[in-house]
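Notes follow the structure.
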Amino acid sequence: QVQLVESGGGLVQAGGSLRLSCAASGRTFSSYVMGWFRQAPGKEREFVGAISWSTGGTYYADFVKGRFTISRDNAKNTVYLQMNSLKPEDTAVYYCAARPYAVITIAPTAYDYWGQGTQVTVSS
């Protein structure tokens with residue numbers, strides 16, 4: 001059974017940084033894509049970025065390019081979302097998701113497994 005557990009959310013001032021972690025278990029993820037999504041109150045869940053576990057290749061939404069970085073630690077089965085230069089509009093619940101295919105896609109419906117989410121709040 002696949003489990004994804006996010007951690008690292010919290011309250012930070014605008015311009016600050018946070019690093020989210022997603023610990024994955026229950027499967028060999030070498031052929032998976034791991035995605036990060038976020039959902040703000042009253043808004044739809046949106047794609048933030050993703051990483052191919054096998055190649056380390058990444059893809060980001062335009063609104064986070066240059067600010068957010070996704071990485072993985074194969075030994076720990078953990079994916080990270082490093083968020084820098086945070087803005088109040090980055091406030092949302094952030095979710096980790098896993099897609100059992102090697103191709104990165106931005107559609108939430110393409111991801112089969114989800115974590116419980118972690119709240120990120122950026123104050124102005």
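The values are calculated or read from the model by the stated rules, or taken from the named source; none is laboratory data. As the structure is a prediction and not an experimental result, all values here were calculated from the model. Using ideal geometry, Cβ is built from the backbone for each residue, glycine included, and neighbour counts are taken over all protein chains shown. Ligands, DNA and RNA are excluded from the accessible area calculation, which covers all protein heavy atoms including side chains. Shrake-Rupley method; radii C 1.70, N 1.55, O 1.52, S 1.80 Å.
Quick notes
- Hits in region 1-24 (condition: in contact with a strand residue (DSSP E or B) (Cβ under 7 Å, 6 or more places away or on another chain) and at pLDDT below 95): V2
- Qualifying residue in region 30-39 (condition: modelled with pLDDT of 95 or more, in contact with a Gly (Cβ under 7 Å, 6 or more places away or on another chain), open to solvent by 50 Å² or more (accessible area, probe 1.4 Å) and on the phi < 0 side of the Ramachandran plot): no
- Test: residue in region 91-100 that is within 19 Å of S124 (Cα to Cα) and either open to solvent by 60 Å² or more (accessible area, probe 1.4 Å) or in contact with a Cys (Cβ under 7 Å, 6 or more places away or on another chain) (or both): no
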